[in-house]
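Following: one structure in structure tokens, then a few remarks.
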Amino acid sequence: MSNIAIRVSDVSKKFKIFEDKPATLKDRIIYRSKGVFQEKWVLRDISFDVPQGKMIGLVGRNGSGKSTLLKILTRILQPDKGEVEIKGRVSSLLELGAGFHMDFTGRENIYMNASIFGLSRKEIDGKIDEIIRFAELGPFIENPVRTYSSGMYMRLAFSIAVHVDPDILLIDEILAVGDNAFQKKCISRIESFKNQGKTIVFVSHDNGVMERLCDELYWIHESKLIAHGEPRRIIRDYMDFLNDSEEKRLNEEAKLNVKSDEVAEVKEVFQDGDRWGNKLAEIVRVRMLDVTGAEKHFFEKGKPLTIAIHYSASNYVIDKPVFGIGIYRMDGYCCYGTNTHIDHERIALEDKGIVEFYVEHLNLVAGEYYLDVACHHENGTPYDYITRALTFNVKSYEEEIGIAYLPHQWMHKGGQ
Amino acid sequence: MINDWIDVYNYREFLKNSVSKDLRTRYRGSVFGFLWTFLNPLLMLVVYSVLFSIVVRMQVDNYPLFLFSTLLSWNFFSTTILSGSSIIVNSGNLIKKIYFPHEILPISVVMGGLVNYIYGLVILIPALSIYGYYPNTNYIYLPLILLIQVILTLAITFLVSSLTVFFRDLEHMLVIIVNALFYLSGVLFPLSTVPERARWLFDFNPIAMLMASYRDVFYYNQTPDMFTLSMIGLFSFVLLIVAQRIFAKLKFRFIEEI
């Protein structure tokens with residue numbers, strides 16, 4: 001393993017989950033029992049190599065075993081099976097500020113904390129100024145840590161952890177630390193580690209950062225390593241998987257809602273929004289369909305979308321009906337709204353029917369949205385107005401920001 | 001096994017910091033603060049002097065000094081064992097957060113006790129001198145006796161600290177055991193007053209033998225029994241090796257039990 005920094009071979013780890021922790025003395029002596037427990041495998045047969053100087057990322061849902069794997073890499077936990085070989089000094093950003101003593105000053109805690117990473121006093125002496133500067137603590141460094149704000153505390157802890165000059169750095173979800181400016185500093189510090197040829201194992205739920213920084217991603221699902229490879233591809237597969245399971249969950253929920261109401265009283269199908277109108281024409285169902293005509297809650301940016309509004313009208317002959325839709329961001333900001341009147345479409349109502357709103361390119365940025373639908377008279381009298389009739393998600397592999405995607409291209413004309 | 005010790009050596013800076021943190025925070029918030037390290041043995045000496053020269057009369061010359069010459073050593077032993085038994089359990093926060101050789105924890109308790117003992121000598125030796133028990137050439141055996149005590153105490157601390165994790169009752173049982181051991185350590189009375197049939201309790205008791213050696217040096221001004229000392233030294237060393245092996249076996253399961 002000449003250029004392998006971390007070798008994980010067939011690592012498995014189980015936890016005991018006690019149902020009834022305290023065993024009585026009698027149980028202990030007579031049955032040699034230590035209480036009732038279940039064994040749960042949190043990692044199964046994980047194997048991978050990380051070459052020196054590479055940065056790898058671990059993705060997976062909460063509870064999939066990522067953090068346990070990191071803890072095994074730091075030697076906090078021992079695997080039940082398999083082994084881990086590590087070459088070089090490891091520093092971990094798993095639990096920041098281990099061993100901080102609240103009554104000691106920031107400076108004293110630097111010596112304390114850095115020594116837990118295995119640094120000698122001389123080494124710490126050489127780095128302390130840099131640590132203090134990076135933590136942006138200024139004169140506060142001479143105050144007891146208990147007087148620090150939580151941001152100052154975390155900055156100090158992070159600063160120590162990144163200055164121990166490790167060969168291997170393990171990072172777990174630290175980007176939640178500090179304000180934006182400090183986060184940027186953390187990221188650039190991680191990048192500079194990378195450029196210095198350090199080996200890094202990174203866990204984050206920020207897929208953008210993962211994709212940008214990591215050389216390779218490993219996807220852990222239900223305690224097993226199910227895929228690894230090029231970050232872009234893994235993230236795409238992982239996002240698809242997440243969306244699919246979210247889709248399933250929403251469908252289950254919708255089914256439950258419908259089931260609870262056998263007479264199919266439509267109101268129940270619609271979500272928690274308000275509804276008003278004189279119901280001369282009634283919206284009985286709203287569906288959002290993808291290009292295949294399947295009902296979905298997730299739509300890909302730029303792909304077609306159809307909103308189908310099912311209505312039924314009473315015996316009256318309703319003239320000049322207008323159907324409208326409005327797409328809102330979850331914070332209530334209207335992204336787009338239009339109706340048949342604005343678009344100069346005339347609709348002659350029958351006793352029932354479907355009005356479809358078709359978008360060829362759903363150019364919304366990724367996020368969660370809700371949909372209002374309405375049917376009203378041209379003069380504004382509402383027949384049926386439903387807010388938050390549906391919620392839906394737009395997913396995207398790009399990371400644009402804002403509201404809508406503007407079709408565009410970049411050009412460069414040099415020498416002008 | 002050697003690797004464990006090398007690991008401890010690599011983390012010596014952390015060990016040093018833990019010991020100093022311990023000493024500095026022990027009297028945190030009190031008015032006299034660190035001064036208590038000296039006030040404690042001094043006041044203890046005052047209490048015993050008054051008690052045994054006025055209230056109780058013992059058939060021993062300068063009994064307070066007879067007592068005091070071993071009491072500090074005994075306190076080093078007993079407080080280390082008692083606080084050592086809970087050190088792993090109480091350090092759960094650290095053990096769960098970061099890797100370090102867990103051996104550091106019991107070692108730091110023993111080292112803290114040792115430093116405290118040495119501070120105690122600052123009171124003990126002048127007190128002895130005031131009564132005419134001047135420092136003498138036999139003091140050269142003091143480091144050796146102390147070293148043996150440290151090895152023995154460390155071995156026991158390794159055992160009790162790791163076993164307490166799995167059997168919490170041990171911590172409370174130890175209070176009784178250590179208390180009983182106090183009366184068998186020969187700190188309170190000269191061994192010559194012990195009836196013949198009970199003598200074996202002291203003769204095969206490493207603690208009692210250690211205490212006797214301290215008394216030889218401080219009180220009787222005579223050379224301690226080197227044969228006895230080397231026997232306890234050997235015993236303590238073997239016990240330390242065994243205790244560390246047991247500790248090393250158990251330490252991987254600490255995190256799941258605390």
Scope the stretch B:201-258; condition within 14 Å of another protein chain (Cβ to nearest Cβ) and either under 22 Å from residue B:177 (Cα atoms) or not small (Gly, Ala, Ser) (or both); matching residues: B:249, B:250, B:251, B:252, B:253, B:254, B:255, B:256, B:257, B:258
Residue in the stretch A:188-198 that is closer than 30 Å to residue A:49 by Cβ, within 30 Å of the chain's Cα centre (by Cα), of a type in the set (A, V, I, L, M) and more than 12 Å from every other protein chain (Cβ to nearest Cβ) present: yes
Test: residue in the stretch B:88-97 that is among the charged types (D, E, K, R) and either part of a helix (DSSP H, G or I) or within 13 Å of residue B:217 (Cα to Cα) (or both): yes
Some residue of the stretch B:143-157 being in a helix (DSSP H, G or I), under 16 Å from residue B:66 (Cα atoms) and touching a residue at least 60 places away in the same chain (Cβ under 8 Å): no
Long-range neighbours under 6 Å by Cβ, at least six apart or interchain, first residue at negative phi and surrounded by 14 or more Cβ atoms within 10 Å (Cβ to Cβ) within the stretch B:179-200, second of a type in the set (Gly, Ala, Ser) and in a helix (DSSP H, G or I): B:185/B:208
Flag for residue A:44 being more than 10 Å from chain B (Cβ to nearest Cβ), within 23 Å of residue A:220 (Cβ to Cβ), under 26 Å from the mean Cα position of the chain (by Cα) and part of a loop (DSSP other than H, G, I, E, B): no
Which listed residue, of B:66, B:77, B:14, B:38, is in contact (Cβ under 8 Å) with a residue 40 or more places away in the chain, within 11 Å of chain A (Cβ to nearest Cβ) and of a type outside the set (A, V, I, L, M): B:14
Options B:52, B:14: the member that is modelled with pLDDT of 90 or more and over 18 Å from the mean Cα position of the chain (by Cα): B:14
Conditions (1) under 21 Å from residue A:118 (Cα atoms); (2) among the hydrophobic types (A, V, I, L, M, F, W, C); (3) over 22 Å from the mean Cα position of the chain (by Cα); (4) modelled with pLDDT of 90 or more: number failed by residue A:201: (3)
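Yes or no, residue by residue, for (1) closer than 23 Å to residue B:209 by Cα; (2) surrounded by fewer than 21 Cβ atoms within 10 Å (Cβ to Cβ):
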position	(1), (2)
B:80	yes, no
B:85	no, no
B:88	no, no
B:92	no, yes
B:102	no, no
Any hit, the stretch B:44-55, residues being of a type in the set (Val, Ile, Thr), surrounded by fewer than 18 Cβ atoms within 10 Å (Cβ to Cβ) and within 14 Å of chain A (Cβ to nearest Cβ): no
Some residue of the stretch A:318-336 being surrounded by fewer than 11 Cβ atoms within 10 Å (Cβ to Cβ) and more than 22 Å from residue A:296 (Cα to Cα): yes
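The values are calculated or read from the model by the stated rules, or taken from the named source; none is laboratory data. Since this is a predicted model, take the numbers as computed values, not measurements. Note that we place each Cβ from the backbone using ideal geometry, even for glycine, and neighbour counts take in every protein chain shown.
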